[in-house]
Amino acid sequence: MCGIVGAVAQRNITPILLEGLKRLEYRGYDSCGVALHVDGKLQRSRSTSRVTELQAQIDQTGLAGFTGIAHTRWATHGVPSSANAHPHFSRERIALVHNGIIENHEELRTELSTAGYIFESQTDTEVIAHLIDHLYHGDLFEAVQQAVKRLSGAFAIAVFCRDEPHRVVGARLGSPLIVGVGKGENFIASDAMALAGTTDQIIYLEEGDVVDLQLQKCWIVDNQGKSVQREIRTVHAHSGAAELGPYRHYMQKEIFEQPRAIADTLENVTNIMPELFGDKAYGIFKEIDSVLILACGTSYYAGLTAKYWIESIAKIPVNVEIASEYRYRDSVPNPKSLVVTISQSGETADTLAALKHARNQGMLHTLTVCNVATSAMVRECELAYITHAGVEVGVASTKAFTTQLAALFLLALSLAQIKGRLNDEQEAGHIKAMRHLPVAISAVLALEPQIIAWAEQFAAKENALFLGRGLHYPIAMEGALKLKEISYIHAEAYPAGELKHGPLALVTKEMPVVTVAPNDTLIEKLKSNMQEVRARGGELYVFADADSHITASEGIHVIRLPEHYGLLSPILHTIPLQLLAYHTALARGTDVDKPRNLAKSVTVE
Ligand code: F6R
């Protein structure tokens, strides 16, 4: 999704801006641009291609300067084109980049057009540049503070002005923005990762903050216009451009990193204790009587799996809500509920807004399961469990999902313990199983050659059904999402018992039906559902396990996972579905790590 980098320095900042954009590339974008203050003028270069193209363009023109801003754009208002790419200019005086969505842009556009401003793009962003210009009377910081009061929606912006060569002003509301503090130079970015290698001294701006960056100065005011000090933290941000090593794609690398990622996520777990989730967890877990999980996409499926675990092990009722729906729904708040957000990035706009909504409704006990320790989600929740998946570059979430599952299983056990529903023997058994997970996952990864053979058949299909039951229904949903997002094959998941209530009408010999079939309590029911598919000519592709007793026959293809893994089986059964999606996409020649229309970190509504 969109990314921002900006700098005010006493050296040529073009390489810093371009490097910053490269580090943000993995988030997904469709155009990019840089603007600099050059000899008393604004100059820019924009491209609808990759950042390397932009760099080549800049190398040719020799664009260089001490003050400037840069952007990767993921289109929301207006097609990806050079004219819509940021930075946007107003009257050759103001240059601006923006992440987020301005909801009252039409009203502002009308007002500013009447005031004589000519619009050159279809974006909502351009209104901010013109608005700031309109309010500019020699002090950019002042003009930005006035302008943001007129904006509704979500934004993070970075702006500079032709008439103030050593100043960049930033502001945020609803979209992340950080400041990088240097020596005699200062930086701004949407993510600390953009500044890795430039500075590790980071300030996380808060909602409504406006920042004035000059060479020796970093001045922040809050949403009331009051001067505030924000803590400078030392952040060792990783580069988004981690080495690929022997892998063809980041997604493949990240699938194969899962044994390590799970081991790291569970590293400090020697026994079950609420304190794993934070100092205050004991008191909070004791007090709560239910759980509300809020998340989007893959993280939502992790939440659905957690519902099964928490209800069956801890016997606490759980609701799981899609964040973008929950935030706009009239729901009945329960102040004794534990609100759990799940997010890889910790910056997903819908999940953050849902969290805020829950809090505004009086639900104050909040916990996040998140992969980014410095993210807004972690900063805003009372309790946190950091998954140690490491930087996930591929747009399709893989290791983030399985590490979320590991953390959520721990949550179920911790809640069970507090509620007196976990004895020592059960605890020891669960810990042993969790410790063995990395080895068990490695054994599943070794099934890759068999899965490649299936993927070659899938590559020719346009539709697929995924079936699971109980604990494995969310895993079937995750498998379908993975296949559709990277191979562009239409895939849907159903709880297998639902087939006869409608989707069975779709089943023909052209329809591959992927079935998640470990030997759990519903296996016999699932086998009956499989017969319903076979009777209609559907081809079954079954991921069984050591104990499932399903044998291959005509129209029934079986890959057997080496172990039966009980309650933790969803983690193991996710792996072959990821590999199936990956190899199918590879066979179809899609851009696996950057699938069309998608972004890694969804920071707009
Ligand atoms: C799918 C995928 C997305 C994310 C969703 C939430 O592979 O990655 O569905 O899971 O956008 O993102 P986070 O977890 O960062 O809140």
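The values are calculated or read from the model by the stated rules, or taken from the named source; none is laboratory data. Note that the coordinates shown come from a computational prediction; the quantities given were computed from them, not determined experimentally. Note that each Cβ is placed from the backbone with ideal geometry, even for glycine, and that neighbours are counted across all protein chains shown. Only protein heavy atoms, including side chains, enter the accessible area calculation; ligands, DNA and RNA are left aside. Shrake-Rupley method; radii C 1.70, N 1.55, O 1.52, S 1.80 Å.
What's the total number of residues in the range 557-586 that are under 19 Å from Leu522 (Cα atoms) and not in a helix (DSSP H, G or I)?
7
Where in the range 213-322 are there helices (runs of 4 or more DSSP H), lying wholly inside it, with at least 2 residues that are modelled with pLDDT of 95 or more and within 16 Å of the ligand (Cβ to nearest atom)?
Qualifying helices (runs of 4 or more DSSP H): 250-256, 297-309.
Sort out which residues of the range 136-179 are out of contact with any strand residue (DSSP E or B) (no Cβ under 9 Å at 6 or more places or on another chain) and within 28 Å of Gln10 (Cα to Cα), and write them in order of number.
His137, Glu142, Asp163
(1) farther than 18 Å from Leu364 by Cβ; (2) open to solvent by 10 Å² or more (accessible area, probe 1.4 Å): which one isn't true of Ala314, the others all being true?
If we test Ala314 against (1) farther than 18 Å from Leu364 by Cβ; (2) open to solvent by 10 Å² or more (accessible area, probe 1.4 Å), just (2) comes out false.
Do you know which of the residues in the range 350-366 that are touching a strand residue (DSSP E or B) at 6+ places or on another chain (Cβ under 6 Å) and under 17 Å from Ser175 (Cβ atoms) is nearest to the ligand (Cβ to nearest atom)?
Ranking the qualifying residues of the range 350-366, first place goes to Thr351.
When you check Thr341 against the structure, is it over 24 Å from Glu25 (Cβ atoms) and either surrounded by 24 or more Cβ atoms within 10 Å (Cβ to Cβ) or near the ligand (Cβ under 10 Å from one of its atoms) (or both), yes or no?
Answer is yes for this residue.
Restricting attention to the range 367-390, does a residue exist that is of a type in the set (Gly, Ala, Ser), in a strand (DSSP E or B) and either open to solvent by 50 Å² or more (accessible area, probe 1.4 Å) or within 16 Å of the ligand (Cβ to nearest atom) (or both)?
yes
Check whether at least one residue in the range 72-83 is open to solvent by less than 30 Å² (accessible area, probe 1.4 Å) and touching a Leu at 6+ places or on another chain (Cβ under 8 Å), and report yes or no.
Looking through the range 72-83, at least one residue is open to solvent by less than 30 Å² (accessible area, probe 1.4 Å) and touching a Leu at 6+ places or on another chain (Cβ under 8 Å).
Return the residues of the range 182-213 that are open to solvent by less than 10 Å² (accessible area, probe 1.4 Å), β-branched (Val, Ile, Thr) and over 21 Å from Leu140 (Cβ atoms); say none if nothing qualifies.
Ile202
When you look at Ile571, is it open to solvent by less than 10 Å² (accessible area, probe 1.4 Å) and of a type outside the set (Lys, Arg), yes or no?
yes
Which residue pairs have Cβ atoms under 9 Å apart, sit 6 or more places apart or on different chains, and have a first residue in the range 278-300 that is touching a residue at least 40 places away in the same chain (Cβ under 8 Å) and on the phi > 0 side of the Ramachandran plot and a second that is of a type outside the set (Val, Ile, Thr) and more than 16 Å from the ligand (Cβ to nearest atom)?
Close Cβ pairs (under 9 Å, with a partner that is of a type outside the set (Val, Ile, Thr) and more than 16 Å from the ligand (Cβ to nearest atom)) amount to Gly278/Glu382; Gly278/Leu383.
Say whether the condition of being modelled with pLDDT of 95 or more, touching a Gly at 6+ places or on another chain (Cβ under 8 Å) and within 16 Å of the ligand (Cβ to nearest atom) is met by at least one residue in the range 539-555.
Within the range 539-555, not a single residue is modelled with pLDDT of 95 or more, touching a Gly at 6+ places or on another chain (Cβ under 8 Å) and within 16 Å of the ligand (Cβ to nearest atom).
Check the range 591-602 and report whether any residue there is within 16 Å of the ligand (Cβ to nearest atom), touching a Cys at 6+ places or on another chain (Cβ under 9 Å) and β-branched (Val, Ile, Thr).
The answer is yes, given that some residue of the range 591-602 is within 16 Å of the ligand (Cβ to nearest atom), touching a Cys at 6+ places or on another chain (Cβ under 9 Å) and β-branched (Val, Ile, Thr).
The conditions are (1) within 30 Å of the chain's Cα centre (by Cα); (2) open to solvent by 40 Å² or more (accessible area, probe 1.4 Å), and Gln57 fails exactly one of them. Which is it?
Answer for Gln57: the failing condition is (1).
Tell me whether the range 441-449 contains one or more residues that are of a type outside the set (Ser, Thr, Tyr), touching a Pro at 6+ places or on another chain (Cβ under 8 Å) and within 16 Å of the ligand (Cβ to nearest atom).
No, the conditions are met nowhere in the range 441-449.
When the residues of the range 395-421 are filtered to those that are part of a loop (DSSP other than H, G, I, E, B) and open to solvent by 10 Å² or more (accessible area, probe 1.4 Å), which remaining residue is nearest to the ligand (Cβ to nearest atom)?
Among those that are part of a loop (DSSP other than H, G, I, E, B) and open to solvent by 10 Å² or more (accessible area, probe 1.4 Å), it is Ser397.
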